[in-house]
1. Could you please let me know if residue 199 is within 17 Å of the chain's Cα centre (by Cα), more than 30 Å from residue 17 (Cα to Cα) and either in a loop (DSSP other than H, G, I, E, B) or modelled with pLDDT under 95 (or both)?
2. On the basis of being at pLDDT 95 or above and part of a loop (DSSP other than H, G, I, E, B), does residue 156 make the cut?
3. For region 141-152, check the following and say yes or no: at least one residue is modelled with pLDDT of 95 or more, buried (at least 16 other Cβ atoms within 10 Å of the Cβ), assigned to a strand (DSSP E or B) and under 19 Å from the mean Cα position of the chain (by Cα).
4. Say whether the condition of being in contact with a Cys (Cβ under 6 Å, 6 or more places away or on another chain) and outside any loop (DSSP other than H, G, I, E, B) is met by at least one residue in region 58-71.
5. Quick test of your reading of the structure: residue 53 fulfils all but one of (1) in contact (Cβ under 8 Å) with a residue 12 or more places away in the chain; (2) open to solvent by 10 Å² or more (accessible area, probe 1.4 Å); (3) over 26 Å from residue 137 (Cβ atoms); (4) assigned to a loop (DSSP other than H, G, I, E, B). Name the failing condition by number.
6. Among 251, 324, 300, which is on the phi > 0 side of the Ramachandran plot and modelled with pLDDT under 55?
7. For residue 94, indicate whether it is of a type in the set (A, V, I, L, M) and closer than 23 Å to residue 195 by Cβ.
8. Just to check your reading of the model, which residue among 135, 160, 128 is open to solvent by less than 40 Å² (accessible area, probe 1.4 Å) and within 30 Å of residue 36 (Cβ to Cβ)?
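The values are calculated or read from the model by the stated rules, or taken from the named source; none is laboratory data. Note that the structure is predicted; figures quoted are calculated from it, not measured. We place every Cβ from the backbone using ideal geometry, glycine too, and count neighbours over all the protein chains shown. SASA here: full protein model, heavy atoms, side chains in, ligands and nucleic acids out. Shrake-Rupley method; radii C 1.70, N 1.55, O 1.52, S 1.80 Å.
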Amino acid sequence: MPTADHDALAAAFAAAGRNHPYLAFTLNSLCNLDCVFCKPRCMPDYGHKDRPLTVSDYAAIATEARAWKIRKAHCSGGEPTLRADILDVIAGLADGLGPDAAIGMTSHGNLRRGLSAEQLHQAGLTYLNLSLHSLDPARSAAIMGGGDPRTTRSTLDTALSLGLRVKINCVLQRTYLDDAFAVAELARDLPVAVRLIELQNIGPAQALFDTEFITEADVRDRLHEWFANAGEVPRDQLGVRSPGQYLRPDGWAGSIGFISNSSCATCSDANRIKITPTGVARPCILHNRDISLKPHLADGTLGDAFAHLFQAMLDRNTNDAWQGFHYVDYDLRWDRMERPEGTPVLPLLPVLPTEAAGSSCARASTGER
């Protein structure tokens, strides 16, 4: 339940004009694919030796979040559909946040046997983000280490038929640029939001970055004919709450957006509360304000934890790091990544003139992977 600080913090948050936060759950680190820029099995804590949160934990966190007027939860991984209890997790989040909440998931769309988009929808899922980097089976397998884009496309079609909002995440690589453009062109006939994502110089992608990285500005230039008469799509129509611009080319059913954390990232209104599989909540990637939720779950004091999280986000408006500009989005998926206590986890970098002027990118999105 809300603490004594609840009303004051909620009012201060509203007065700041910030986007209200949402819960971003990493449900697991396991994945049955092996994307070249991710390679989860390289992580030292792959598989999570620590005990993950339970279905009842997720339901309790969502119930407390509802008291703080949080109306959205997003699930990712790893591949979240590999959890045997995924339907119960989705149902617990939906019940906890209440009617009309947005419950989403990022998946590669090659659902395990016995699991369907229909079941996810019935459990409470309202939108689906699908990872799709090529429509060609062989080239897709080279990027993702397996899987079949035709299966992902089937999942996409089923999700749309059920009334789910669908977004497609496509990572840009020079070798596979034509593949990315073919994926983006799905939005010509389908009511989907395709997000073209810049490669980031972190983790396994460091080995690819020098040869494969391409900027949003370069891609926009190559697609100038698409964007010449494009109209902007309001984010509330897409269920997108993070900063970012989504454009609908003239005559298209869907839209194209960019996630550009390498060339022109800004966290000026970042609003994710990231929660790891074992229950560590992380409200900021620049400063360590992490808090373990398990003790609060055990003691019935989740309200205190949420007060800490809301205050941590408000503190961004006055701390030295809160200029918003950085070059990489620190990878928060894993429980045992080193997190220095009370110090920035990334060096603060000067704002480039093009970034300050906003001329090289259009309000790049930092959220909802």
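1. Details: within 17 Å of the chain's Cα centre (by Cα): yes; more than 30 Å from residue 17 (Cα to Cα): yes; either in a loop (DSSP other than H, G, I, E, B) or modelled with pLDDT under 95 (or both): yes.
Answer is yes for this residue.
2. Details: at pLDDT 95 or above: yes; part of a loop (DSSP other than H, G, I, E, B): no.
No, not satisfied.
3. So far as region 141-152 goes, no, none of its residues is modelled with pLDDT of 95 or more, buried (at least 16 other Cβ atoms within 10 Å of the Cβ), assigned to a strand (DSSP E or B) and under 19 Å from the mean Cα position of the chain (by Cα).
4. So the first thing to find is which residues in region 58-71 are in contact with a Cys (Cβ under 6 Å, 6 or more places away or on another chain), and the list is none.
Checked against the condition, which is being in contact with a Cys (Cβ under 6 Å, 6 or more places away or on another chain) and outside any loop (DSSP other than H, G, I, E, B), region 58-71 yields no hits at all.
5. In the conditions (1) in contact (Cβ under 8 Å) with a residue 12 or more places away in the chain; (2) open to solvent by 10 Å² or more (accessible area, probe 1.4 Å); (3) over 26 Å from residue 137 (Cβ atoms); (4) assigned to a loop (DSSP other than H, G, I, E, B), residue 53 misses (2) alone.
6. Values: 251 fails: modelled with pLDDT under 55; 300 fails: modelled with pLDDT under 55.
Criteria check complete, one pass: 324.
7. Numbers: of a type in the set (A, V, I, L, M): yes; closer than 23 Å to residue 195 by Cβ: no.
So residue 94 does not fit the description; no.
8. Values: 135 fails: open to solvent by less than 40 Å² (accessible area, probe 1.4 Å); 160 fails: open to solvent by less than 40 Å² (accessible area, probe 1.4 Å).
Just one listed residue meets the conditions, 128.
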